[in-house]
2 protein chains.
Amino acid sequence: MLTQIGINAKKAERVLMTAPLVSRDAALKEIAAALRENSAYIIGENKKDLEAARENGMSESMLDRLSLDENRIEGVAAAVENIISLPDPLGRVLSGGIRPNGMKIEKVTVPLGVIAVIFEARPNVTVDAAALCLKSGNTVILRGGKEAINSNKAMALVMRQALVKAELPADCIQLIENTSRESATALMKMNGYVDVLIPRGGAGLIRACVENSTVPVIETGTGNCHIYIDKDADADKAVSIVYNAKTSRPSVCNACESLVVHAEIAERILPLIKKALDRKGVVIHGDEKTASIIPGVISATEEDYDKEYLGYEISVKVVSDISEAVDHIMQYSSGHSECIVTENYTSANYFTSNVDAAAVYVNASTRFTDGGEFGFGAEIGISTQKLHARGPLGLPELTTVKYIITGDGQIR
Amino acid sequence: MLTQIGINAKKAERVLMTAPLVSRDAALKEIAAALRENSAYIIGENKKDLEAARENGMSESMLDRLSLDENRIEGVAAAVENIISLPDPLGRVLSGGIRPNGMKIEKVTVPLGVIAVIFEARPNVTVDAAALCLKSGNTVILRGGKEAINSNKAMALVMRQALVKAELPADCIQLIENTSRESATALMKMNGYVDVLIPRGGAGLIRACVENSTVPVIETGTGNCHIYIDKDADADKAVSIVYNAKTSRPSVCNACESLVVHAEIAERILPLIKKALDRKGVVIHGDEKTASIIPGVISATEEDYDKEYLGYEISVKVVSDISEAVDHIMQYSSGHSECIVTENYTSANYFTSNVDAAAVYVNASTRFTDGGEFGFGAEIGISTQKLHARGPLGLPELTTVKYIITGDGQIR
């Protein structure tokens, strides 16, 4: 069954590959309109998912993420329209020139081909991912979680009808309706049909993809993000950045999970940070020096420093200099976003040169690592690997290149 | 044992990551000098490999590839010096600007980190790969074939001594001395230590890496390259390009393996091509139409169209139009290099838009797909995958990016 989906995707790819921007944008316009027109149908199907989830005892916050209403569908449709407004990532000539023998070489951006996206409960990802792939000329194979299967099927159907209306193959967007673990594993091994696999979800899903996939994977979204408060930090900035990065949305990957504090400023800054974090009831796991400054903190274990809490918890380590801070960060970093708070020019440069991560900040919250905040207009995820793309994945990251060489009979 | 090599590589990476160009180039200069100074030692070790290979019945052409003499070592040293002359791929600001909230974002090129290279018999790859990685700020773990183990050990030792002389860690270049299949498989699973694996060798090695590796792989070098002779082809160009692409060096990945010929020109062009290829005794495997024009050709099977002959053999298919030609090519292409010979503007554009491969040629030999020929100065392989890099891999392809964000207290 999956093989047929692969064949369909490759067939549609041949058409979509050369579809000009007007045609891709027209299809996105049809999709936005169709989502609005069919919102009652989609909400009805979403109700089935919500009922089943409630019966299975899903938590209220998860139920909220799963739920769709008129407002949310309007939001999803508006996001599709926003993608229409973005520039075409295809056909850009990145470099080129005439070789000494007279041949002309151009390096041009082209679609990756077939992108597979494995994701978990949120149904809005279905439309988001499909729209970004369509804009960038890629056909997409979606494999969502079973909790949202009825919602996903409804939205995929609506999008496929819109594609046909826009005279593009319906198979530019396909949904795998089998939500078993086996269907995910099979998708990870579809070499020859799938050009790249993008998992969007928790650490378990990402690890399963890295370990089992034989098609190339872009790892996304694990964020064990640190903030290092240097001895020359401005205290107000430090407190404000830590408070923002930890508490503005603790469940996301760009939230701060760990503090590293220079010993010379620790006594002054830690009580201020503690006071700020107390407003949200953040639990602090600290080393001995932290405990000697903030009485009653829980003792931090190796596991704490390794952990993405994704909640109102934070680990703290006091270091004797910036080099120890960088060593600590490089040991535990997931390569997502790391920050230094300092007024010292040399420390700032040392940190940005020596910390290896997708995003390295000086005096700004790690929460900014996001396609929208970076000005990309949209994102399909945040890459924490080094191959192909790193950081927020916008439309240009969904392309590859082709060298076009034109001659008049050159031989070697 | 491999874990220790991984730890050493990561430790050296921290130093090399911030080593400025003068320091990396100085180390390359030491390496070139040390190779020349120690040529007698290297040639002596190489003799051991040659003797063992002869005892194991290695063919003369393979023995030639394995063999090192003063001239070849001079060539290897000169190649290292050529890499010194190339521009620094690191620290380039690819894009950047000020966000509406006043934060500055820069996207800067940085090393990939630790690159593992698995390769087969040729000992010159040891130095080539190490020098390219060093120039691009990457530490390298080399795993060569057992046939060249003494040569590889000698060259790795000489290079490591040169690194120390240049005040860089010896572990910037490490060789795995265990040449068992197990050591290769273990290297493929060194997540956390190896950032990217580049296999250089035959189709079997590449497949093993794709199937077994959990670290990201860049597939290189499988080339089932086609030349399509359009009905509007210039006959002289067609014959000359086919002859060059097939016979100038048939063992390499950018050699032509298959011809696709428009029916309207087949009767005229095939006898001319046959006559040219006969000069090198090229065996032709053709379909029925080919056989009706060139009597006595071997009947082409499905397997022939799928095959990289890497020798004096070629498959031929006659098609009724350009669309059938593109369909055939897309079915069998390995995504390396594909060529159309035509004087027709629309056909040329149709071909370059609809054929998806690393390099697509109009009226020039596929043999040009090469880092040197493309003007990259050097290459570590030719990528046939779409993720990260496609086509010849030069120094810029051995880098990734880092976003550096500088603010004055911005929060979200």
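Numbers below:
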{"quantity": "Shielding score for B:366-374, defined as the mean number of other chain Cβ atoms within 10 Å", "calculated": "4"}
{"quantity": "Reachable lysines, given that their alpha-carbon falls under 26 Å from the alpha-carbon of B:Lys104 and they are not under 8 places away in the same chain", "calculated": "A:Lys231, A:Lys237, A:Lys246, A:Lys386, B:Lys402"}
{"quantity": "Inter-chain shielding of B:207-219 (mean C-beta neighbours from other protein chains, 10 Å cut-off)", "calculated": "3"}
{"quantity": "Full-extension gain in nm, A:Glu106 to A:Asn71, via 0.36 nm per residue minus C-alpha separation", "calculated": "8.0 nm"}
{"quantity": "Using a Förster distance of 30 Å, the FRET efficiency for A:Gln161-A:Thr3 (Cβ separation, nearest 0.05)", "calculated": "0.75"}
{"quantity": "Rounded to 10°, Cα long-axis angle of helix B:70-84 versus longest principal axis of chain B", "calculated": "70"}
{"quantity": "Of all chain B residues, the one whose C-beta is nearest the axis that brings B onto A, in angstrom", "calculated": "B:His388, 2"}
{"quantity": "Nm distances between copies for B:Met1, ranked from closest, using label points 7 Å along Cα→Cβ", "calculated": "4.8"}
{"quantity": "222 nm mean residue ellipticity, helices alone, for chain B (DSSP H n ≥ 4; -39,500 (n - 2.57); rounded to 500)", "calculated": "-13500 deg cm²/dmol"}
{"quantity": "Nearest 10 degrees, 0 to 90: helix B:345-354 Cα axis against chain B principal axis", "calculated": "50"}
{"quantity": "23 Å Cα-Cα reach of A:Lys165 towards lysines, excluding residues that sit fewer than 8 places from it in its own chain", "calculated": "A:Lys10, A:Lys11, A:Lys29, A:Lys135, A:Lys153"}
{"quantity": "Rg/Rg_globular for the protein assembly as shown, with Rg_globular taken as 2.2 N^0.38 Å and Rg from C-alpha atoms", "calculated": "1.01"}
{"quantity": "Using a 7 Å Cα-to-Cβ projection, B:Asn56 label spacings across copies, nm, ascending", "calculated": "5.4"}
{"quantity": "Net charge over other residues, Cβ less than 11 angstrom from the Cβ of A:Ser347 (K, R count +1; D, E count -1)", "calculated": "-3"}
{"quantity": "The range B:98-114-the range A:195-249 distance, computed between alpha-carbon centres (Å)", "calculated": "16"}
{"quantity": "The range A:1-68 versus the range A:132-183: alpha-carbon centroid distance in Å", "calculated": "5"}
{"quantity": "Listed peptides A:50-60, B:76-86, B:178-188 by packing density, highest first (mean Cβ within 10 Å)", "calculated": "B:76-86, B:178-188, A:50-60"}
{"quantity": "Sites A:Gln331 and B:Asn349 - FRET efficiency at Förster radius 35 Å, r taken between beta-carbons, to 0.05", "calculated": "0.05"}
{"quantity": "Karplus-derived HN-Hα couplings along the range B:266-275 (A = 6.51, B = -1.76, C = 1.60, θ = phi - 60°), whole Hz, x at Gly and Pro", "calculated": "4, 5, 7, 8, 4, x, 5, 5, 4, 4"}
{"quantity": "Rounded, prolate or oblate (a/c below 1.5 giving rounded, otherwise prolate when a/b exceeds b/c) for the range A:269-367 by Cα gyration tensor", "calculated": "prolate"}
{"quantity": "Cβ-based net charge around B:Arg412, under 13 Å, with every Lys or Arg adding one and every Asp or Glu removing one", "calculated": "+2"}
{"quantity": "Other protein chain Cβ atoms within 10 Å, averaged over every residue that makes up A:388-399", "calculated": "2"}
{"quantity": "Degrees separating the helix A:2-16 axis from the principal Cα axis of chain A, which is the longest one", "calculated": "80"}
{"quantity": "Given charges at beta-carbon only (K, R positive; D, E negative), |dipole| of chain A in Debye", "calculated": "1420"}
{"quantity": "For A:Ala325, net neighbour charge (Lys/Arg +1, Asp/Glu -1) across residues whose Cβ lies under 9 Å away", "calculated": "-3"}
{"quantity": "B:Thr400 long-range amide H proximity, modeled H, under 5 Å", "calculated": "B:Val110, B:Leu112"}
{"quantity": "Relative contact order %, the range A:225-368, counting alpha carbon pairs below 8 Å whose residues are six or more apart", "calculated": "34"}
{"quantity": "Sequence-distant residues sharing a close amide H with A:Ser334 (under 5 Å, placed H)", "calculated": "A:Asn224"}
{"quantity": "Vicinal HN-Hα couplings computed from phi for the range A:245-259 (Karplus, 6.51 cos²θ - 1.76 cosθ + 1.60; Hz; Gly/Pro x)", "calculated": "5, 7, 10, 5, 6, x, 7, 9, 6, 8, 6, 6, 10, 8, 10"}
{"quantity": "Span from the the range B:360-412 Cα centroid across to the the range A:250-289 one, whole angstrom", "calculated": "41"}
{"quantity": "Estimated vicinal HN-Hα couplings, Hz - the range A:312-324 in sequence order (Karplus 6.51, -1.76, 1.60; Gly, Pro = x)", "calculated": "7, 9, 8, 9, 9, 9, 9, 10, 8, 7, 5, 5, 5"}
{"quantity": "5 angstrom amide H check on B:Glu343, placed H, neighbours 5+ away", "calculated": "B:Asp232, B:Ala233, B:Asp234"}
{"quantity": "Per residue, the convex hull volume that the Cα atoms of chain B enclose (Å³)", "calculated": "170"}
{"quantity": "For B:Gly97, label point 7 Å along C-beta direction: distances to other copies, nm", "calculated": "2.7"}
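Read-outs: derived from the displayed coordinates by stated rules, not from any lab. Note that this is a predicted model, so its numbers are computed, not measured. Every residue, glycine as well, gets a Cβ built from its backbone with ideal geometry; the counts of neighbours run over all protein chains shown.
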